[in-house]
Amino acid sequence: MVTITVLVLFYELFQGIFRSVGKALGSDCVPELLRASAVGWYSAVVGLLGLVASVVAGLLWDHISHAAAFYYGATFAIAGSVGLLLIPGGRNRSAVDA
């Protein structure tokens, strides 16, 4: 029971960090007037891409192997991490533009 409690706490911590950081990044990259729209578009895109990723992973699992689904996830996790590192400026850019 302790193991399940610890795992749930870590999962909730991850979700809290993931959701807030993504929305903050999205709202920092647009003008102040468009921040609400940016958060809405961010949520829509994350939801739709999560659906596509789940369908593709399920197809890989069923038609190729379970390892293919995990390699697929790892590949896109690395690609996303590299993409985040390549975003120019971030919060500092909006402070300079203001």
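The values are calculated or read from the model by the stated rules, or taken from the named source; none is laboratory data. Just so it is clear, the model here is predicted, and its values are computed rather than measured. Glycine gets a Cβ as well: all are built from the backbone with ideal geometry, and neighbour counts include every protein chain shown.
Quick notes on this structure:
- Residue match in the range 15-30 (condition: exposed (fewer than 10 other Cβ atoms within 10 Å of the Cβ), in a helix (DSSP H, G or I) and either at pLDDT below 90 or basic (K, R) (or both)): no
- For the range 22-40, the candidate set comprises residues that are under 14 Å from the mean Cα position of the chain (by Cα) and of a type in the set (A, V, I, L, M); within that set, the residue that is nearest to L85 (Cα to Cα) is L25.
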